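The values are calculated or read from the model by the stated rules, or taken from the named source; none is laboratory data. Just so you know, these numbers come straight off a predicted model, no measurement behind them. FYI the Cβ positions are ideal-geometry reconstructions off the backbone, even for glycines, and counts take in every protein chain you see. These area figures cover heavy atoms from the full protein model, side chains too; ligands, DNA and RNA do not enter into them. Shrake-Rupley method; radii C 1.70, N 1.55, O 1.52, S 1.80 Å.
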Amino acid sequence: MAENLRKRKKFQARQTILKAAAQQFERHGFANTSIAGIMQAAGLGVGTFYNYFGSKEEVLLTLARNLREDVFQSLSSAVAVNQSSAELLELCCLCTAKLIDENRFILPLFISASEHSDKPEQIPQSLSPGFRELFEAIILRGQRLGEFRSDVPSNIISEMIHSIYQTTAFSKLEISFQENIGLKIKILLDGIRERNL
């Protein structure tokens, strides 16, 4: 009983830190957020931080991976009803755009993964939020099933997707981030579909 209570308290403290960090990153940006600021917002001592995380970068990656899991859950139900790879890729991009739009502090981390997209094996695990792997898996599935062109390497397509998020982040168009991503993804999907379908 005492062991369960201790585990629950540890889980709650970790979640409190993550929630406070997300709020601080959103308000002040990642670079201007300190560990002390996170812990003050969490109502916990600074020393407690290191019981759960080694750095604020680790907190950011944990938040990004949690968001990736949210996208993965949305995709799981789509896979269960056997949607096409194009439908899955569009859903993945739209879910990711929604989560990034609601958690803008993740965008720089998401974009930084694109800098290494030509050599995914060289991306240090510590730098990758894991979105690229989701895109890549769907693209490879589409190529394997003959739904997507196979004359274009999957990592090129994945890099194009990342570049869409990057250009949208700096877009001056008077449409929402999510709508902007959605329209660009439609164009990309049209270009990678196998023409004999």
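Go through region 12-61 and count every residue that is open to solvent by less than 20 Å² (accessible area, probe 1.4 Å), within 19 Å of the chain's Cα centre (by Cα) and among the aromatic types (Phe, Trp, Tyr).
1
What are the pairs with Cβ atoms under 7 angstrom where one residue, in region 153-166, is part of a helix (DSSP H, G or I) and the other, located anywhere, is open to solvent by less than 10 Å² (accessible area, probe 1.4 Å) and polar (S, T, N, Q)? Sequence gap at least six, or different chains.
Listed pairs, sorted by first residue: Asn155/Ser117; Ser158/Ser117; Glu159/Ser117; His162/Ser117.
Just to verify a result, which residue in region 89-138, among those that are at pLDDT 65 or above and among the polar types (S, T, N, Q), is nearest to Phe25 (Cα to Cα)?
Looking at the filtered set, the residue picked out is Asn103.
Report the residue count in region 62-71 for those that are touching a residue at least 60 places away in the same chain (Cβ under 8 Å) and either small (Gly, Ala, Ser) or surrounded by 17 or more Cβ atoms within 10 Å (Cβ to Cβ) (or both).
Selection size over region 62-71: 4.
Within region 82-97, can you find the residues that are farther than 24 Å from Ile175 by Cα and open to solvent by 10 Å² or more (accessible area, probe 1.4 Å)?
Asn82, Gln83, Ser84, listed by residue number.
For region 168-197, which positions are more than 18 Å from Ala86 (Cβ to Cβ), in contact (Cβ under 8 Å) with a residue 12 or more places away in the chain and part of a helix (DSSP H, G or I)? Explain how you work it out, then say what you get.
As a first pass, look at region 168-197 and keep what is more than 18 Å from Ala86 (Cβ to Cβ): 168-180.
Now narrow it down to the ones that are in contact (Cβ under 8 Å) with a residue 12 or more places away in the chain: 168-169, 176-178, 180.
Matches in region 168-197: Thr168, Ala169, Phe177, Gln178, Asn180.
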